[in-house]
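Bear in mind that the values in this text are calculations on the coordinates, not laboratory data. Every value quoted in this text rests on a predicted model; they were computed, and no experiment measured them. As a convention, Cβ positions derive from the backbone with ideal geometry for all residues, glycine included, and neighbour counts pool all protein chains shown.
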Amino acid sequence: MRLGLLVCTSLVPIMVSAGQTQSRPGPACPPARDSSRITRDPTIPGIVAGELTDGDSGRLLDSAVVRISPAGTLVRADSLGRFRIEGLRPQRYVVEALRMGYERRIDTITVVGDAGTRMHLALTLAGVDRCMEIGTPPSARRQSRTSRRLPNER
């Protein structure tokens, strides 16, 4: 498994006359490659359909679970990250997307009588700091929620 590290700075020095430096806000983390979209679709009345992707890479996520309430329906995304929930009455629903290693995503949608809903949900990796300030000493960095100390470690 390869892990990448993205480093962003919060301040970028700029030169001012007479050799003085001044700081100004620098670039934020690069935007995610994928974003979530929710749209009404008149071709699928009473249906919520969509796909789940990794928000950073845009890669489709298989084996994710989608739960819709108050209908109480739970479905698993297929190998291409697609899901489909049928037979929904017109009303407001809470849609929750879950996949191991990713943060839970919750959206509220409204199904209307003459249209269904298409969802493209981009999930974010859990427990990973997306940006880290350069020069932060190791003692000041937060320990990852997923790291565990082994019994023989001190």
Item to check | Nitroxide proxy distance, nm - points 7 Å out along Cα→Cβ at residue 103 and residue 125 | outcome: 1.4 nm
Next on the checklist: Can you give me the convex hull volume of the Cα atoms of region 37-123, divided per residue and expressed in Å³?
Outcome noted: 79 Å³
